[in-house]
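Structure, as structure tokens:
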Amino acid sequence: LQAEYRSQDTEHGDLRQNFDLDDFDETFRRELNSDVWRLGGRISPTASSDVLLSYIRSDVDSSGQTVPVEIPGVITVAEDQAQTDKADQYEAQYIYRADRFNVVLGGSHADVDIDGAFVSTATLVFPPIVDVQEFPNNSDTKDTLGYVYGNVHVIDALLATLDPEVLVLPQ
């Protein structure tokens with residue numbers, strides 16, 4: 001069995017360098033809080049086979065903002081961003097081993113939910129106008145896949161992998 005828990009709380013400025021050490025926003029501040037849980041296990045029903053199982057859950061909250069840029073008496077501009085990512089990933093794999101070959105059969109499913117937005121606020125002093133522009137960043141992604149392949153020991157020094165995706169069958 002395997003179990004893991006990781007937690008991270010980080011605060012930092014603009015870490016992008018964009019290939020230029022002088023190209024950064026010195027007013028940008030970001031917070032990142034994440035929790036990741038992982039459970040896994042291996043079951044060996046026979047001496048020649050294994051079943052591997054894995055589950056990963058991650059929760060990530062991030063937010064960032066720039067110190068407002070101001071032209072005194074004229075305008076102030078501020079930018080804020082916030083995002084929450086929640087993800088679940090399930091994986092299973094069956095491995096069968098024989099003297100001259102082995103077979104691997106597996107699959108996975110991932111469900112990722114992202115909710116966030118980038119907000120820009122401009123405040124004009126005269127006439128008094130506040131303009132708020134919000135750009136949402138939301139997605140809900142589900143991804144499921146399966147696979148099977150085999151390895152054959154042609155000779156002791158040569159192992160051939162058979163992948164059904166690359167096999168061309170006559171029609």
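General observations
- Sparse packing (at most 13 other Cβ atoms within 10 Å of the Cβ) combined with a DSSP loop state is found for the following trypsin sites (Lys or Arg not before Pro) in the range 70-171: R100.
- The Cα-based radius of gyration of the chain, divided by its Kirkwood radius, gives an Rg/Rh of 1.21.
- Pairwise FRET efficiency - T84 versus R29, Cβ, R0 = 25 Å, nearest 0.05: 0.85
- Using a Förster distance of 45 Å, the FRET efficiency for L21-D143 (Cβ separation, nearest 0.05): 0.75
- Exposure check, 1.4 Å probe, all protein chains in place: S120 carries approximately 30 Å² of accessible surface.
- Carbon plus sulfur fraction of accessible area for the chain, probe 1.4 Å, in percent: 57
- Of the chymotrypsin sites (Phe, Trp or Tyr not before Pro) in the range 98-154, not one is in a loop by DSSP (not H, G, I, E or B) with at most 13 other beta carbons within 10 Å.
- Tensor-based shape of the range 1-72 (alpha-carbon gyration tensor, a/c under 1.5 rounded, otherwise prolate or oblate): prolate
- Comparing Cα centroids, the range 125-148 and the range 1-47 end up 21 angstrom apart.
- Virtual paramagnetic centre 7 Å along Cα→Cβ of L39, amide N under 17 Å, in the range 108-132: 109-111
- Over the chain, accessible surface divided per residue gives 73 Å², non-protein components excluded, 1.4 Å probe.
- Figure legend: label point modelled 7 angstrom from the Cα of V60 along Cα→Cβ; residues of the range 116-133 with amide N under 17 Å from it are 116-118.
The values are calculated or read from the model by the stated rules, or taken from the named source; none is laboratory data. This structure is a prediction, so every number in the text was calculated from the model and none was measured. Because the Cβ atoms are built from the backbone with ideal geometry, glycine has one as well, and the counts that use them run over all protein chains shown. The protein model used for the area step is the full one, side chains on, heavy atoms only, and it has no ligands, DNA or RNA in it. Shrake-Rupley method; radii C 1.70, N 1.55, O 1.52, S 1.80 Å.
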